[in-house]
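What follows draws every value from the coordinates through simple rules; no lab data is involved. Quick caveat, the model's predicted, so the values are computed rather than measured. For neighbour counting, all protein chains shown are included, and Cβ atoms are generated from backbone atoms with ideal geometry for every residue, glycine included.
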C-alpha cells in the first residue's frame, strides 16, 4: 500500500527502535518549551535537519513540504509577536514550531507503520487493568487500514452508478445522495466483517 | 465490546480518513479551504453514538500518528500533534462523544433540527472550545486573537453541520446503529 509517509532507506536512524525515536521526540518537545530562547530553538532545528538529511538521508523535498505546511502558521506567529511583544520572541517561537514539526516528520519518515502500530499495542498493554485487550486494538487498527481504500472504492462505485443513470455529481445535494447509500453499504459491510471474524474466533483473542 | 462494534469503529476511522482524501474546496474570500474531514467527526458521533464515536476518532488519530497521510491536504505523522492547530485534532474524539451523547438523548425524536443541535454543539462548539485555548497557549496570543483567527472556519463548519444532520437522519431511517429496531414490536 502506498498510503504511508515512510521513506525506505538503510540508515542508523531507520534502524533505531520505534519506541526510542518516539521517546526522543517527546523529550525534544519538552526541552524546547522549557528553554524558550532563540539559540536553543535554532540549535534544535539545525540538529533535526542534520539528522534528517545527513544521518537518515531523507529527500530535501520531504522536509521542505512539511515545513511549507506550517510556514503560514510560523509566519503568523512571528508577525503577531513582532507587533505584540518583540521580534526575538517571535523568531524563537516560529523556529521552535518548525523544529518540532520537522523532528516529528523525521520520525514518521524513518519508521514503518507496522513498527509504530506495534508500539501502540505495547503502550496499550497497561490498559489491560481496565479490561482493554491490546490485541483488539491491533485488530481495529488493521481493519481501519483495510477500510480506507475500501470506503474510497465503494464511493467511486456509487458515484459511477449514479452518473450512469444521469445523476448529478457535484454540489451538496449530490454529496448527500452519495453518502447515504455509501454509509448504509459500508455499515452492512462492517457488520458482516464483524460476524465473519467472530465465526473465526476473533472474540476470544 | 463486540467484534461488530470494533468493525464499526474501524469503519468510521477509515471514513474520516477517506473524507480527508477528498480535495478541499477553496473559497475565494476565505484563507482556508473547506475540507470534508470534520464531517467524519460529526457523522461518527451521530451514527455510532457516544462511546463508539469517541473510539472511532481516537483510532483515527492513531492512524494519523503512525504516519498515514489521512489528514486533509495529505498531512499526517507525528508532526501535526505538535503544531499550533493540534488542539483541534485532540478535540475530535470529544466532539464525536458529545455529538453522540446528544444524538442518543434525542434518538426517539431525531429530525434534521434536533440532529443539527447535536452536530453544532458537538461538532463545532466542542471543537472550538478545545482548539482555540490550545492555539492561544501555543502561539502565546490572547484568546480573542486566536478566536478571531479561527472564525474563518465557522461558515464551512456550519455547512458541514447541516449536511451531517441530514445524513444522520437519513441513516437512522435506513440503518439505525444506536438503537436497533425491535423486530417483535414492528412486525405486523
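Which of rounded, prolate or oblate describes region B:33-149 when judged by the alpha-carbon gyration tensor and an a/c cut-off of 1.5?
Judged from the Cα gyration tensor, region B:33-149 comes out oblate (a/c at least 1.5, b/c at or above a/b).
Label points 7 Å out from Cα along the Cβ direction at residue A:122 and residue B:107: separation in nm?
Reported label-point gap for residue A:122 and residue B:107 is 4.0 nm.
Which FRET efficiency value, to the nearest 0.05, do you get for residue B:117 and residue A:135 by plugging their Cβ-Cβ distance into 1/(1 + (r/R0)^6) with R0 = 45 Å?
Details: r = 39 Å, r/R0 = 0.86.
Calculated value: 0.70.
Ranked by Cβ crowding within 10 angstrom, fewest neighbours first, how are B:1, A:143, B:42 ordered?
Exposure proxy ranking, most exposed first: B:1, A:143, B:42.
In whole percent, what relative contact order does chain B give with Cα contacts below 8 Å and a gap of six or more residues?
Relative CO of chain B lands at 24 percent.
What is the angle, in °, between the Cα long axis of helix B:37-48 and the longest principal axis of the Cα atoms in chain B? Nearest 10 is fine, range 0 to 90.
With rounding to tens, the tilt is 30 degrees.
Please report the projected area of region A:130-189's Cα convex hull averaged over all directions, in nm².
Averaged projected area of region A:130-189's Cα convex hull equals 5.4 nm².
So how do A:21, B:160 line up by other beta-carbon neighbours within 10 Å, fewest first? Numbers along the way, then the final one.
Values: A:21 22, B:160 26.
In increasing order of surrounding Cβ atoms, one gets A:21, B:160.
For the protein assembly as shown, take every pair of Cα atoms, bin their distances at 20 Å starting from 0, and report each bin as a whole percent.
26, 56, 17, 1
Rounded if a/c is under 1.5, else prolate if a/b is larger than b/c, else oblate: which is region A:62-205, with a ≥ b ≥ c the root eigenvalues of its Cα gyration tensor?
oblate
Could you state the angle between the C-alpha long axis of helix A:87-110 and the longest principal axis of the C-alpha atoms of chain A, as a value from 0 to 90 degrees rounded to the nearest 10?
Result, in degrees: 50.
Would you work out the Kirkwood radius for region B:89-188? I mean one over the mean of 1/r across all pairs of different Cα atoms, in Å.
Mean inverse Cα-Cα distance, inverted, gives 14.9 Å.
Need one number: nm distance between label points at residue A:55 and residue A:161, each 7 Å from Cα along Cα→Cβ, rounded to one decimal.
Reported label-point gap for residue A:55 and residue A:161 is 5.3 nm.
Output the 0 to 90 degree angle, nearest 10, between the alpha-carbon long axis of helix B:50-65 and the longest principal axis computed from the alpha carbons of chain B.
Around 40 degrees separate the two axes.
Going 7 Å from the Cα of residue A:75 along its beta-carbon direction, which residues of region B:78-117 have the amide nitrogen within less than 18 Å of the resulting point?
B:84-85, by backbone N distance to the label point.
Using Cα-Cα distances under 8 Å and only pairs 6 or more residues apart, what relative contact order does chain A have, in percent?
Here the relative contact order equals 22 percent.
If a/c stays under 1.5 just call it rounded; otherwise compare a/b with b/c (prolate if a/b is bigger, oblate if not). Do that for region A:45-134, with a ≥ b ≥ c from the square roots of the Cα gyration tensor eigenvalues.
Verdict is oblate for region A:45-134.
Calculate for chain A the 222 nm mean residue ellipticity that helices alone would give, adding -39,500 (n - 2.57) per DSSP H run of length 4 or more and normalising by residue count, nearest 500 deg cm²/dmol. Walk me through the numbers on the way to the answer.
Working: 8 runs with 153 residues, N = 205.
Rounded to the nearest 500, it is -25500 deg cm²/dmol.
Given the rule -39500 (n - 2.57) for each run of at least 4 DSSP H residues, summed and divided by the residues of chain B, what is its mean residue ellipticity at 222 nm, to the nearest 500 deg cm²/dmol?
After summing the helix terms and dividing by the residues of chain B, the value is -21000 deg cm²/dmol.
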